[in-house]
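These notes concern the structure reproduced below.
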Amino acid sequence: MAENINTTSLQCLATSFEEEPGRPVMISVDHVSMVFNMASEQLNNLKEYAIALARHELRFKELKALDDVSLEVRRGDVFGILGTNGSGKSTLLKIVAGVLEPTLGTCTINGNIAPLIELGAGFDLELTARENIYLNGALLGYPKKFIEQHFDDIVAFAEVEQFLDMPMKNYSSGMVARIAFAIATIIVPEILIVDEVLSVGDFMFQQKCERRIQELIKEHEVTVLIVSHNNDQIERLCNKAIWIEKGHPRLMGSAQDVCRIYRVLGGHTGKASSEQRVFDMLGRDVSPREELTRTISADDRYGSAVKLAELCHEGPSDTVIICPGEDASACLVGAGLGSTLDAPLLLTRSESLPDVTAHALRQYGASHVIALDRGCRLSPVVTSALEDEAGERKVTLLQKATIDELALAAFRAADQWGDTAVITWDGCTGDIISLLPFSQGERAPLFFNHDDGIIAPETLAALTSGAFRRLIVLGGTVSFPESCLEPLREAGLEVIRFCGKDAYDANGLIDDWIVTQGKRPRNLIITSIWNPFDALTAGPCAAASDSLIVLEDPGDLDSVARAIDYVEKMGPGIEHLVFLGDHTRFQELDKEILAKAASC
Amino acid sequence: MAFSATDKAALNRNWFTITSLVTKDFKLKYRRSVLGIAWSVLNPLLMMCVLSAVFSTFFRFQIENFPLYLILGNTIFSLMADSTSSAMSSIIDSAPLIKKIRIEKLIFPLEKVLFTLVNFVISLIAVALVMLFFRIVPTWNLLLLPLLILYVTIFSAGIGLILATLAVFFRDVLHFWSVIITAWTYATPLFYPVDILPDWMLAFETFNPMYHYVTYFRDIALWGNTPGVGENLVCLGMALVMLVLGLVVFKKNEKKFILYV
């Protein structure tokens, strides 16, 4: 996965800085490269070294931690460094702090530096806090008089007055961090280097640290170089930023722009062309149509299921289908059953009935609950909760050991099926979700194979009973080799199969096919396959609102690029983009990109 | 070479760092021991008792005031042995600091030498006690002691710097050095009289700096001899050569330390 991370420069963005002759350059990093020799073998003693030298076997693996990085920080700048883990951010900071010597290039510093790199280096936990403050101050190069003058300030900032003469090994880690931060920031340096320190201590102390840094920035015009994983923090504190990926500088510009782009692209994998597509769309000057995007989200999948069910089943409903939320395939079988019974589908936990589901059940006033369960996972607690709710409610428990048997049982539980059937394998969730808008509309039952290449005789019998005209096969040639489909063809079924390279590819194929079946989509439902549980119950809603489902994972740029292409193709005909899932799945920017694509 | 104000400030700062580290080491050394600092005096005394018991019963050397002879040689030799050994691992031990803050790396080995020196000065109390016990009247020659301490300290610092550098790249040195020290202990007349040595060995001793330093110490403290200007120059010369060598080796390699510690 990691090899897909792009490292080329993205400087096409027109955010190069104008010259600012008024402010002196404080830090000038000039074409710096840093190469580490990583000994391919551990040669830690003389004999091995001599032998290896004699044999000319002294090989080193080179690791280029930084590759030709240049940047200039002027007085008063607050410069952020962004990048995923191991991308060379800390190496760069260490070079600026003078701890490391660059292999190539130069780094010029004007002014004194206070490095806040890994606070508390040099604390000896056997010593008391008082002793450590002097020792640490000495190690940081403060004169003795200075420490004496500011001793009280340090203690006050760190809030450790009562514990001054206690050995520091008895301190909590938060207290140690507070003292370290207090010592490091007591001087007003010309350049402050901050490396992830703001992630120590409790919430109150983090705020205090940030205030102190803000104070240094605003009141003393301190130049700051800061590394943080916290994107918001960089955006809040910095005016400029650089994004480094695997040692390569990718993008430099105003903190706002860089953070914005990093949010969408940073650490996400995908082909360079996909990334460029996303990048271009992000930078495109289009304002999205109003009220284009909608979001359906809840605290968890159970809540989402209720919300989705309410969208198309407002009123009371006699029958309600309950599926275990942990079992995607079972839920999709339940969705098929729901389409033909016109019953809402709700989810439950295996071990207990979620409150939100119980509440919805009451709202629907259902007199008949059909619960699907594969492998007897539903605990008696759930079934009894289902029964107890309203006394005379009838609970039908469809309980089977395997998914193909469960699918068959669901098929037999209803008789109003359409003339299309769907067969797939356990785990083909993405494809089934893609097909939901169609299969739900057609009231198509869902069947499963028994194992790779094997369709159970009962399933075969059900399929060839003459009830169906058409069979949609979701799955590749491993799950469904042509040979095992042969008997179905012979029985006169029209077999339609989709073989995509991956779930996203299959999603495109299926969506295109649905359009050829005469359904012009008005809405697009965007969901993530990485966590598809919100989408399991989206079927009825999709079918009712003429929607197609588009799979997209913001972490996979290829899928984002594909989604952009698709949305752009559908273009103005789209009324709404409906995102399933909260901000942890789709951030505002992710939504904005697709909204822009739809508004082009 | 003119000394600018910033150089002086840097020197001041580094000196404060060194003294802070020495204070820390000192506090940690005797923390939680009942006798505390008294051990710095007791240790050489007890060592002297053991050695003089062993050597006067088994070897029967005809040396006047043998215990004093022993403790003089031992304390000055252990000043060298202890300071070089602790300086050797100083860089490796301060890896967390070296990796994180910009700091003059020379500080670490020098601090260890200085710390051993402080302990040595305390152990001189033991020497004084033994002199008192044997009613040796100190002579004006004893005023040369600071000079001797300076020589040995410079000499030890030089070796310490070389060892600290080597130890970063080859950890073998850590193990090997204790063997060298043991060999050196026996090669220097610490427990035995010089006159039992064969001629060739005696010739070799002129190249053994520790022989010079030990003899110097006994001259001024035991025998009441005044070391000549020539002897002083030899002692100082050996120390300075070692220090320059150490500084060159250390300074040439210190930038690579961070990659190996």
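Tabulated data for the structure shown
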{"quantity": "Relative contact order for chain A, counting Cα pairs under 8 Å that sit 6 or more residues apart, in percent", "calculated": "13 percent"}
{"quantity": "Region A:466-600: Cα Rg divided by the 2.2 N^0.38 Å rule of thumb", "calculated": "1.16"}
{"quantity": "Lys, Arg +1 and Asp, Glu -1 on Cβ, resulting dipole of chain A about Cα centre, debye, nearest 20", "calculated": "560 debye"}
{"quantity": "Most mobile of B:173, B:41, B:54 in a GNM of chain B (Cα contacts under 10 Å)", "calculated": "B:54"}
{"quantity": "Pairwise FRET efficiency - residue A:204 versus residue A:299, Cβ, R0 = 35 Å, nearest 0.05", "calculated": "0.80"}
{"quantity": "Nearest-ten-degree value, helix A:328-341 long axis tilted from longest Cα axis of chain A", "calculated": "40 degrees"}
{"quantity": "Value in Å of the Kirkwood radius, where the protein assembly as shown supplies the Cα pairs that are averaged", "calculated": "33.9 Å"}
{"quantity": "Contact order relative to length of chain B, as percent, for alpha carbon pairs under 8 angstrom and 6 or more apart", "calculated": "27 percent"}
{"quantity": "Isotropic mean projected area of the C-alpha convex hull, region A:64-145 (nm²)", "calculated": "7.5 nm²"}
{"quantity": "For region A:306-360, alpha-carbon Rg over 2.2 N^0.38 Å", "calculated": "1.05"}
{"quantity": "Alpha-carbon Debye profile of region A:370-439, log10 I(q)/I(0) at 0.15, 0.17 Å⁻¹", "calculated": "-0.65, -0.80"}
{"quantity": "Helix B:107-133 vs. chain B, principal-axis angle (Cα, 0 to 90°, nearest 10)", "calculated": "20 degrees"}
{"quantity": "Cα long-axis angle, helix A:203-220 against chain A (0 to 90 degrees, to the nearest 10)", "calculated": "50 degrees"}
{"quantity": "When the convex hull of its Cα atoms is projected in every direction, mean area for region B:5-260 (nm²)", "calculated": "15.9 nm²"}
{"quantity": "Calculated FRET efficiency for the pair residue A:584/residue A:284, C-beta based, R₀ 30 Å, to 0.05", "calculated": "0.70"}
{"quantity": "Cα coordinate range in region A:251-397, projected on the principal axes (Å, largest first)", "calculated": "66, 34, 27"}
{"quantity": "Share of Cα-Cα pairs in region B:1-130 lying beyond 20 Å, as whole percent", "calculated": "57 percent"}
{"quantity": "Extreme residue, positive dipole direction of region B:51-186, given options B:126, B:71, B:158 (C-beta unit charges)", "calculated": "B:158"}
{"quantity": "Environment charge at residue A:298 (Cβ cut-off 10 Å; Lys +1, Arg +1, Asp -1, Glu -1)", "calculated": "-2"}
{"quantity": "Simple label model, 7 Å out from Cα along Cβ direction - residue A:409 to residue A:469, nm", "calculated": "3.2 nm"}
{"quantity": "Distant-in-sequence amide H partners of residue A:471 (H built 1.01 Å from N, under 5 Å)", "calculated": "A:421, A:494, A:495, A:496"}
{"quantity": "Gain in span if fully extended, residue A:483 to residue A:173, counting 0.36 nm per residue against the direct Cα distance", "calculated": "105.1 nm"}
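Each reported figure results from applying straightforward, stated rules to the coordinates on display, with no laboratory input. All of these numbers come straight from a predicted model, not from anything done at the bench. Virtual Cβ from ideal backbone geometry, glycine too; neighbours counted across all protein chains shown.
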